[in-house]
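Undergrad: Just passing along the structure, written as C-alpha cells.
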Amino acid sequence: MLIRHSFHDDLPWLRGNLHTHTTNSDGWRAPQEVVDEYAARGYDFLMISDHDFLTEPGSIDARGMTLIRGNEVTANGPHVLHVDAPSAVAPDADRQKVIAAINAAGGFAIVAHPNWEKSFAHCPRKDLETWTGYAGIEVYNGVIRRLEGSPLATDRWDRLLGLGRRVWGFAHDDSHRPGDDGIGWNMVQTADRSAAAIVSALRQGHFYASTGVAIERIRVCGRCISVETRDAERIVAHSDYGHREAVVDGPCMALTVPEDATYTYVRFECWGRGERMAWTQPFFVEQG
Ligand SMILES: [Zn+2]
Ligand SMILES: [Zn+2]
C-alpha cells in the first residue's frame, strides 16, 4: 500500500487568498485599497479575481506581497477562477471549453462556490462530475456567508473524491467589500515567494485551506498519517463519500490506515472555536 500525498515535511507556510474583487468588477474598493487591506492583515500572496476582467498587478504596489494574475470567468455559466492568467479567457457557455482554454494558457481552474444560491447548486452536480481538467473546488467561500446557499462545499468534494477524482480543496474570501476579508485562505508550502513557485505549489496540492485553525505539521510515515494543529478542538478523518474513519477531540490526530483499507482516500477536517476550521488535502490510498 502506498499513501500518496502532497505535503512536505519542512517548508514554510505562506498565507494567501485567490478570490477577491475590486472596482474593476463589482467590488467596492480600488485594487490598491484591496491590496493594502490584505498586506495589513499579513498575507503573503493575493490574487485579484475580477469578473471576466484581468486586473493587471503591474500597476499596483504589492506592499511586499506576491500578486498572482487571475480573474473569475463569470458570464454564461457557473463561475470558474482562472489562476495564473496571462489574459482573461472568453466566458464560453461550455465551461469544459473554458477549463481547457485556462489549461492551454498555462494556468489552472478552480470551480467557485458550488453551493451558492437558493438551489445550493450554483455549479450543478452533473457539471462538476462531468468536467475534467480543473484543479479543484472552493470547499469554503466566505461571501456566501451573507448570501443564499452554503459557504461550505465539502459535500461536493467528498463526492468527487469518492468517484476517484483528484481535486484540491481551496478556501477563499471572495471579498467584495469591507467585512469580507480574512475569512477563508490557503496556507501554501514553499520556500520561494515568487508567483511561479506559489502557483506551482498550489497546482500540486502543497497547501491546506483554512478559516482560522492553524495546522503546524503533517507527517506521513508508512501507513501512519499525523496532523498537528495549534488550535483544533476536534479533528475528523473523512474517507470516500464523506465516511468518518476517526474522530479525536484535541489538536492532534495520528491515523494508521489499515493494511486492508477499502477506502481510496482520507482527508482531515480540523474544527476549532466558532467557525474556525482547516481542511487538509486528501491522502490517496493506493493498494498493490
Ligand atoms: Zn463568483
Ligand atoms: Zn467572486
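Undergrad: Give me the net charge of VAL80's neighbourhood, meaning all other residues with Cβ under 12 Å from the Cβ of VAL80; Lys, Arg count +1, Asp, Glu -1.
TA: So the surrounding residues net to -4.
Undergrad: Over all directions, the average projected area of the alpha-carbon convex hull for segment 132-288 comes to how many nm²?
TA: So the mean shadow area of the Cα hull is 10.4 nm².
Undergrad: So, counting K/R as plus one and D/E as minus one, what does the shell of residues with Cβ under 10 Å around HIS51 add up to?
TA: Values: positive: none; negative: ASP26, ASP50, ASP52, GLU72.
Taking every Cβ under 10 Å from that of HIS51, the sum is -4.
Undergrad: Next question, about the same structure. Any idea what log10 I(q)/I(0) is at q = 0.12, 0.13, 0.15 Å⁻¹ for the chain, Debye with uniform C-alpha scatterers and no solvent?
TA: Taking Cα atoms of the chain as identical point scatterers yields -0.71, -0.84, -1.13.
Undergrad: Helix-only mean residue ellipticity at 222 nm, the chain, DSSP H runs n ≥ 4 weighted -39,500 (n - 2.57), per residue, nearest 500. What is it?
TA: When only DSSP H runs of four or more count, the value is -4500 deg cm²/dmol.
Undergrad: Another question, if that's okay. How charged is the neighbourhood of GLY64? Take every other residue with its Cβ under 14 Å from the Cβ of GLY64, and add Lys/Arg as +1 and Asp/Glu as -1.
TA: Surrounding charge for GLY64 is 0.
Undergrad: A follow-up question, please. In cubic angstrom, how much convex hull volume per residue do the alpha carbon atoms of segment 1-111 span?
TA: Per-residue hull volume (Cα only) is 129 Å³.
Undergrad: Same structure, new question: Which values, in whole Å and largest first, are the semi-axes of the equivalent ellipsoid of segment 56-150 obtained as the square root of 5 times each eigenvalue of the Cα gyration tensor?
TA: Equivalent-ellipsoid dimensions as semi-axes: 23, 18, 11 Å.
Bear in mind these aren't lab numbers, they're just calculated from the coordinates by the rules spelled out. All of these numbers come straight from a predicted model, not from anything done at the bench. Cβ coordinates were reconstructed from backbone atoms using ideal geometry, including for glycine residues, and neighbour counts include every protein chain displayed.
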